[in-house]
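Asks: One structure coming up, written as structure tokens, with questions to follow.
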Amino acid sequence: MPRAGLDAAAVTEAGAVLADEIGFAELSMSLVAERLGVKTPSLYKHVDGLADLARRICVLAVTELGEAVRDATQGRARRDALEGAAQALRGYVKQHPGRYAATVGVRPTGPDDPLAAALERALIPLSAVLLGYRLDPADEVHAVRMLRSMLHGFAALEISDGFQLRTDVNSSFTWMLDFIDQGLRAAAGNAGHGHEVPAPGPTAVIDNRPAG
């Protein structure tokens, strides 16, 4: 029996759940329609097609991930905040691999794109983690790129069974966080040369703005 009250949000949520179950690359409009108990053409009343649905799932995932990192870092600083952010991201990728895959390589099309606002909100708590290290403002973008790259790479390898050696994966994750923490402390020390470094603004390290 068709579901009552179908709208764009319900279609997006169904697509996200399905992507987590079968993989983002396998997602199709027909499968989403089947999950919702409607005919495929009915979905086009709410989304413009698979590309639009994928982008909506991306916005949903970025929003959820940002909220998870925010909640995990509140009231924490430096190594403690770093671990909170890292574990939140790792946990989200493991729990929602399909919708996280929807976020990879996607850029906002302009300042009015909902993805732009979602990315900015998501990166604020990550910026706050780096804020605690008092980095030279010139190094902020480098630092957030490094942090995102290392956390993304670890999580992506983990969910794809990329770690085959017997060494405990959790121990490797902790070792990586210690390495990042020590590197950030060293970078802050070298940059400040014993002087106070001005604190960066909360959105100083946003790195997904559209070109132009």
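The values are calculated or read from the model by the stated rules, or taken from the named source; none is laboratory data. In this text the structure is predicted, and so the values were computed from the model without any measurement. Cβ atoms come from the backbone with ideal geometry, glycine included; neighbour counts cover every protein chain shown.
Asks: Going through segment 89-104 one residue at a time, which ones are part of a helix (DSSP H, G or I), buried (at least 19 other Cβ atoms within 10 Å of the Cβ) and of a type in the set (Gly, Ala, Ser)?
Replies: Within segment 89-104, Gly98, Ala101 qualify.
Asks: What number of residues within segment 179-205 are modelled with pLDDT of 90 or more, among the charged types (D, E, K, R) and exposed (fewer than 13 other Cβ atoms within 10 Å of the Cβ)?
Replies: 0
The rows are residues; the columns are (1) modelled with pLDDT of 90 or more; (2) more than 28 Å from Gly183 (Cβ to Cβ); (3) within 15 Å of the chain's Cα centre (by Cα).
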{"site": "Leu60", "(1), (2), (3)": "yes, yes, yes"}
{"site": "Ala72", "(1), (2), (3)": "yes, no, yes"}
{"site": "Arg76", "(1), (2), (3)": "yes, no, no"}
{"site": "Ala81", "(1), (2), (3)": "yes, no, no"}
{"site": "Ala86", "(1), (2), (3)": "yes, no, yes"}
{"site": "Lys94", "(1), (2), (3)": "yes, no, yes"}
{"site": "Arg107", "(1), (2), (3)": "no, no, yes"}
{"site": "Ala117", "(1), (2), (3)": "yes, yes, yes"}
{"site": "Ile124", "(1), (2), (3)": "no, no, yes"}
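Asks: Name the residues in segment 105-135 that are buried (at least 19 other Cβ atoms within 10 Å of the Cβ), of a type in the set (Ser, Thr, Tyr) and in a loop (DSSP other than H, G, I, E, B), would you?
Replies: Tyr133 - this is the single residue of segment 105-135 that is buried (at least 19 other Cβ atoms within 10 Å of the Cβ), of a type in the set (Ser, Thr, Tyr) and in a loop (DSSP other than H, G, I, E, B).
Asks: Return the only residue of Gly153, Gly162 being out of contact with any helix residue (DSSP H, G or I) (no Cβ under 6 Å at 6 or more places or on another chain), modelled with pLDDT under 95 and either outside any helix (DSSP H, G or I) or of a type in the set (Asp, Glu) (or both).
Replies: The unique qualifying residue is Gly162.
Asks: Only one residue in Ala72, Ala68, Ala81, Ala86 is in contact (Cβ under 8 Å) with a residue 60 or more places away in the chain and assigned to a helix (DSSP H, G or I), so which one is that?
Replies: Exactly one residue qualifies, and that residue is Ala86.
Asks: Looking at Leu6, Leu31, which is the one that is modelled with pLDDT under 95, over 19 Å from Thr109 (Cα atoms), more than 24 Å from the chain's Cα centre (by Cα) and of a type outside the set (Asp, Glu)?
Replies: After ruling out the rest, the residue left standing is Leu6.
Asks: Pull up segment 9-41, narrow it to residues that are touching a helix residue (DSSP H, G or I) at 6+ places or on another chain (Cβ under 7 Å) and more than 29 Å from Ile159 (Cα to Cα), then point me to the one that is surrounded by the most Cβ atoms within 10 Å (Cβ to Cβ).
Replies: Thr40
Asks: If you don't mind, there's one more thing I want to ask. Could you tell me which residue of segment 1-60 is farthest from Gln95 (Cα to Cα), considering only residues that are part of a helix (DSSP H, G or I) and of a type in the set (S, T, N, Q)?
Replies: It comes out as Ser42.
Asks: So which pairs qualify, if the first residue must be in segment 167-188 and farther than 16 Å from Val144 by Cβ, the second must be assigned to a loop (DSSP other than H, G, I, E, B) and not hydroxyl-bearing (Ser, Thr, Tyr), the Cβ gap must be under 8 Å, and the two must be at least 6 apart or on different chains?
Replies: Cβ pairs passing all conditions: Val169/Phe163; Ser172/Phe163.
Asks: Considering Leu130, Leu135, Leu119, which residue is more than 13 Å from Ala187 (Cα to Cα) and touching a residue at least 40 places away in the same chain (Cβ under 8 Å)?
Replies: Leu119
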